[in-house]
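What follows is a set of notes on a single structure, which appears directly below.
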Amino acid sequence: MAIRAAFKAAIDGKQVAVLVPTTILAQQHYETFRERFSGYPFNIQVLSRFRSKKEQTETMKGVKNGTVDVIIGTHRSLSKDVQFKDLGLLIVDEEQRFGVSHKEKLKRLKTNVDVLTLTATPIPRTLHMSMLGVRDLSVIETPPENRFPVQTYVVEYSMSLVREAIERELAREGQVYYLYNRVQGINQMAEQISMLVPDARVAVAHGQMSEQELEKTILDFLDGEFDVLVSTSIIETGVDIPNVNTLIVHDADKMGLSQLYQLRGRVGRSNRIAYAYFTYQRDKVLTEVAEKRSQAIKEFTELGSGFKIAMRDLAIRGAGNLLGAEQSGFIASVGFDLYSQMLEEEIRKRKKEIGGEQAEEVKPWNTTIDISIDAYIPGDYIYDSVQKIEIYKKVAAIKTLEEAAELHDELVDRFGDLPQAVHNLLTVARLKVYGSMYAIESISQKGADFEFKVHADQNGNLDGQKLFQLANEFDNRIKLIGGPQIHIELKGKGLQPEETIAMLERFLVQYKRALKSKGELQDVAK
């Protein structure tokens with residue numbers, strides 16, 4: 001998809017920038033682009049530390065004067081001395097590997113430029129932005145042909161396990177990644193593996209090696225000159241070696257969920273069944289978060305499950321702060337729900353404006369409800385705390401009467417008939433919907449009576465005569481008090497609290513009759 005988008009931009013005379021997190025991935029993309037565009041007169045260049053200073057200077061000159069059509073580079077592409085003549089498309093691969101500061105630099109690049117970001121596991125903040133509508137989201141769920149899910153094991157570390165896993169892979173003439181994510185001690189680990197499996201040819205790769213040495217090691221491993229590559233997490237992105245189908249990760253509990261998923265994606269890239277062993281130290285008690293990560297990586301083994309992994313990561317880490325540097329966590333200053341609501345309203349307004357339509361007025365009414373009633377989900381109705389929180393979130397998110405009815409039907413279908421406390425909870429949610437519809441500032445309880453205040457701005461929308469007629473239909477239990485704000489009192493003497501609230505809701509259902517029609521409002525305006 002990315003290559004086709006780049007081809008379309010290049011055909012139209014625009015330059016394309018492909019941003020990748022590692023030099024190895026940049027080199028692999030460079031080879032792929034050259035192969036796919038071989039029959040077309042496009043100038044494709046790579047900008048990374050694998051290139052000499054002279055080559056980099058020539059490439060930057062070509063980017064500036066427009067002779068370079070496609071530039072593939074690492075963070076080096078974000079430098080101030082890299083200037084484009086006519087950039088039309090920016091492709092960001094492995095977007096989850098770029099921090100906030102890098103994305104701020106991207107903003108300077110992408111004014112009036114189309115942007116395509118690619119990732120198997122978006123960071124929580126990016127995923128949340130997509131779900132809110134800040135970004136368009138497309139999910140590719142169809143795996144390549146003849147691929148098998150990677151057999152995944154989360155186990156205590158043992159030398160016998162490592163030996164058996166390596167020997168099994170060597171027996172079928174395959175290769176092995178052994179991930180040891182500390183440069184200090186990585187050579188000793190390589191020696192230990194050589195002693196465990198004397199027949200294995202072992203190589204070491206990490207980011208502190210020189211460009212030439214690292215490139216030679218990776219290419220030699222690609223050519224099959226080594227059986228086991230002991231490396232740091234530099235293999236996490238972009239290394240595509242189909243013959244490697246066993247992965248062993250040392251101290252996997254110290255890594256993030258999306259990182260574990262990305263690492264597992266380095267194997268199983270052919271028609272062979274692949275194996276991934278995520279190990280942790282023997283007798284170590286994992287933290288709660290590490291336990292959740294381990295459970296998730298075991299649970300989601302099917303192909304194309306990166307989106308589900310990212311959703312679980314969002315649940316574990318939180319959505320992140322769109323206005324600051326945090327990639328995860330919550331917006332503590334205003335609260336997550338309020339922030340999401342404000343953002344959603346602003347996005348809706350902006351989309352209307354961009355579409356050339358008049359911005360839809362967002363109703364500011366957020367009705368305060370202060371009544372004494374049991375409105376909750378009992379433990380004997382929904383036992384599981386996670387499901388209970390999920391339902392509470394759905395109740396809080398109700399914006400229309402249709403949504404309230406749908407949630408009622410869902411609860412009955414999933415958990416059975418509603419107890420009175422849950423009935424009350426949904427009633428309160430519906431009262432808030434009515435409050436938003438009719439600009440009701442507050443609904444409060446005073447002893448056995450209830451009172452709600454209609455915002456002063458709505459006085460002109462009400463027909464006083466119809467309102468009095470409506471009040472009389474409720475056996476003198478409704479009392480109207482005029483003024484800058486209309487106060488409506490509901491007398492609940494002699495009624496149970498549930499009966500009083502039911503009567504209040506019936507009144508609000510009929511309240512629409514007291515509102516002036518659009519024609520009446522236009523006559524008043526004249």
*State which residue pairs qualify: first residue within 13 Å of Val202 (Cα to Cα) and inside the range 218-233, second residue open to solvent by 20 Å² or more (accessible area, probe 1.4 Å) in any location, beta carbons under 6 Å apart, and separation of 6 or more residues or different chains.*
Phe226/Arg201; Asp227/Leu170; Asp227/Arg201; Val228/Val202; Val230/Tyr180; Val230/Val204
*Restricting attention to the range 218-240, and to residues there that are in a helix (DSSP H, G or I) and at pLDDT below 90, which single residue is least open to solvent (accessible area, probe 1.4 Å)?*
Ile235
*Can Gln27 be described as modelled with pLDDT under 90 and part of a helix (DSSP H, G or I)?*
yes
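Here's the yes/no breakdown for (1) surrounded by 12 or more Cβ atoms within 10 Å (Cβ to Cβ); (2) over 27 Å from the mean Cα position of the chain (by Cα); (3) part of a helix (DSSP H, G or I); (4) among the small types (Gly, Ala, Ser):
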{"site": "Asp380", "(1), (2), (3), (4)": "no, yes, no, no"}
{"site": "Val386", "(1), (2), (3), (4)": "no, no, yes, no"}
{"site": "Lys394", "(1), (2), (3), (4)": "yes, no, yes, no"}
{"site": "Asp409", "(1), (2), (3), (4)": "no, yes, yes, no"}
{"site": "Asp417", "(1), (2), (3), (4)": "no, yes, no, no"}
{"site": "Ala421", "(1), (2), (3), (4)": "yes, yes, yes, yes"}
{"site": "Asn424", "(1), (2), (3), (4)": "yes, yes, yes, no"}
{"site": "Ala429", "(1), (2), (3), (4)": "yes, yes, yes, yes"}
*Filtering the range 43-56 down to residues that are out of contact with any Asp or Glu (no Cβ under 8 Å at 6 or more places or on another chain) and at pLDDT 90 or above, which residue is farthest from Gly207 (Cα to Cα)?*
Gln45
*Residue selected from the range 62-93 under the condition among the acidic types (Asp, Glu) and touching a strand residue (DSSP E or B) at 6+ places or on another chain (Cβ under 7 Å), by the criterion modelled with the lowest pLDDT*: Asp93
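Is there a residue in the range 200-209 that is in contact with a Pro (Cβ under 6 Å, 6 or more places away or on another chain), small (Gly, Ala, Ser) and part of a loop (DSSP other than H, G, I, E, B)?
Here is the first cut: in the range 200-209, the ones in contact with a Pro (Cβ under 6 Å, 6 or more places away or on another chain) are none.
So far as the range 200-209 goes, no, none of its residues is in contact with a Pro (Cβ under 6 Å, 6 or more places away or on another chain), small (Gly, Ala, Ser) and part of a loop (DSSP other than H, G, I, E, B).
Kindly indicate whether any position in the range 149-163 is in contact with a strand residue (DSSP E or B) (Cβ under 9 Å, 6 or more places away or on another chain), in a helix (DSSP H, G or I), charged (D, E, K, R) and modelled with pLDDT of 80 or more. Steps first, answer last, please.
Going through the range 149-163, the residues in contact with a strand residue (DSSP E or B) (Cβ under 9 Å, 6 or more places away or on another chain) turn out to be 150-158, 161-162.
Subsequent filtering for residues that are in a helix (DSSP H, G or I) retains 161-162.
Those still in the list that are charged (D, E, K, R) too: none.
No, that holds for no residue.
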*Which listed residue is open to solvent by 50 Å² or more (accessible area, probe 1.4 Å) and touching a helix residue (DSSP H, G or I) at 6+ places or on another chain (Cβ under 6 Å), from Arg49, Arg34*: Arg49
_Enumeration of residues in the range 241-266 that are basic (Lys, Arg) and outside any loop (DSSP other than H, G, I, E, B)_ = Lys254, Arg264
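The values are calculated or read from the model by the stated rules, or taken from the named source; none is laboratory data. All figures in this text were calculated on a predicted structure; none of them were measured in a lab. Note that each Cβ is placed from the backbone with ideal geometry, even for glycine, and that neighbours are counted across all protein chains shown. When the accessible area is computed, the model is the full protein with side chains, heavy atoms only, and any ligands, DNA or RNA have been set aside. Shrake-Rupley method; radii C 1.70, N 1.55, O 1.52, S 1.80 Å.
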